[in-house]
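Take a look at the structure set out below.
The values are calculated or read from the model by the stated rules, or taken from the named source; none is laboratory data. It should be emphasised that the depicted structure is a prediction, and the values quoted were computed from it without experimental measurement. Neighbour counts run over all protein chains shown; Cβ positions are idealised from the backbone, glycine included. Please note that ligands, DNA and RNA were not included when accessible areas were found on the heavy atoms of the full protein model with its side chains. Shrake-Rupley method; radii C 1.70, N 1.55, O 1.52, S 1.80 Å.
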Amino acid sequence: MRQSIIPDGNVTSPQGFLAGSIHSGVKEEKDDLVILYSDTSTASAAVFTQNRAAAAPVIISREVFSQEDVRAILINSGNANACTGLQGLEDARLIQQRTAEILGLTPNQIGLASTGVIGVPLPVDTILSGISSVVKVMAADQGSKAAEGIMTTDTLKKEIAVEINIGGKRIVIGGMAKGSGMINPNMATMLGFITT
C-alpha cells in the first residue's frame with residue numbers, strides 16, 4: 001500500500017469537510033475560534049487525556065464521542081476552560097447548544113475543544129458572538145487557516161494530508177494538531193484532529 005503526501009494538504013482535504021477560523025477576541029491578536037465540520041453523517045472516535053482534572057470541553061466531548069454521528073467540533077484557543085468548575089461546564093454547554101442551533105444540528109453532534117490559559121473563566125459572550133461569524137466563513141479551502149487558529153505556544157502550524165490507494169479506491173486522510181511538548185502525561189493538552 002503506497003501513500004503519498006498531498007502538497008498543501010490539510011484537515012479539509014478529504015471530501016465533505018469544511019473548516020472556518022476567525023479572530024473572535026479570546027486572544028488579543030490572531031485567530032482563536034475554529035470550526036471543523038462534516039457535511040454528511042460520520043463515524044467518529046476520540047482519545048482523551050487521562051488526567052483526572054479534565055477540562056469542561058473534555059467532559060462534554062467524552063459524552064459526544066460516545067455516540068454516533070458527530071458532525072462538528074468547535075475549538076477555541078487562548079483559554080482552556082480548565083479548572084473553571086461548574087461555571088466552565090455551564091459555559092461549554094451553552095456554546096455547544098448555540099453552535100448546534102446555528103448549524104441546524106443537535107448538541108450531541110457537536111464536540112468541543114479549548115486550549116490556552118488555565119483557571120481563568122472562559123469569555124463565553126465573546127465566543128457566543130463569534131460562532132455565527134466562523135460558520136459563515138466555513139469552506140473546503142480553509143483547513144490551513146484552521147490549523148493556525150488552534151495554535152497557542154506552537155511556533156509552526158501542524159497539518160498534513162496523504163492519499164493511499166486501497167482496492168482501487170483513492171483514500172484521503174487529513175489532519176491538524178496543536179501542542180508543543182504537550183503530550184505528557186497521558187495526552188495532556190495536545191489537540192489533534194484527523195479526517196478521512
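Observations on the model:
- Qualifying residue in segment 69-76 (condition: at pLDDT below 95 and farther than 22 Å from Asp141 by Cα): yes
- Residue list for segment 94-141, filter: of a type in the set (S, T, N, Q) and either in a strand (DSSP E or B) or out of contact with any helix residue (DSSP H, G or I) (no Cβ under 9 Å at 6 or more places or on another chain) (or both): Ser114, Thr115, Thr126, Ser129, Ser133
- Number of positions in segment 15-26 that are farther than 16 Å from Ile73 by Cα and in contact (Cβ under 8 Å) with a residue 40 or more places away in the chain: 4
- Gln87 being at pLDDT 95 or above, part of a helix (DSSP H, G or I) and open to solvent by less than 30 Å² (accessible area, probe 1.4 Å): no
- Beta carbons closer than 7 Å, at least 6 apart along the sequence or on distinct chains, pair a first residue in segment 33-48 that is farther than 25 Å from Val137 by Cα with a second that is among the aromatic types (Phe, Trp, Tyr) and open to solvent by 10 Å² or more (accessible area, probe 1.4 Å) for Ala45/Phe65; Ala46/Phe65.
- From the options Thr115, Thr99, Thr126, Thr155, residue that is within 29 Å of Gln50 (Cβ to Cβ), over 17 Å from the mean Cα position of the chain (by Cα) and hydroxyl-bearing (Ser, Thr, Tyr): Thr155
- Residues (surrounded by 21 or more Cβ atoms within 10 Å (Cβ to Cβ) and assigned to a loop (DSSP other than H, G, I, E, B)) located in segment 142-156: Gln142, Ile150, Met151
- Screening segment 3-24 for residues that are open to solvent by 40 Å² or more (accessible area, probe 1.4 Å) and in a loop (DSSP other than H, G, I, E, B) and picking the one that is farthest from Ile127 (Cα to Cα) gives Pro7.
- Which numbered condition Glu159 fails, given (1) at pLDDT 95 or above; (2) more than 21 Å from Ile6 (Cβ to Cβ); (3) surrounded by 17 or more Cβ atoms within 10 Å (Cβ to Cβ): (2)
- The listed residues are Ala72, Ala55, and the only one of them that is within 25 Å of Leu128 (Cβ to Cβ), over 12 Å from the mean Cα position of the chain (by Cα), touching a residue at least 24 places away in the same chain (Cβ under 8 Å) and crowded, with 17+ Cβ neighbours inside 10 Å turns out to be Ala55.
- Residue match in segment 62-69 (condition: out of contact with any His (no Cβ under 8 Å at 6 or more places or on another chain), open to solvent by 80 Å² or more (accessible area, probe 1.4 Å) and in a loop (DSSP other than H, G, I, E, B)): yes
- Residues satisfying the stated conditions in segment 90-127, i.e. open to solvent by less than 40 Å² (accessible area, probe 1.4 Å) and without any contact (Cβ under 8 Å) to a residue 40 or more places away in the chain: Asp91, Ala92, Ile95, Gln96, Ala100, Leu105, Val124
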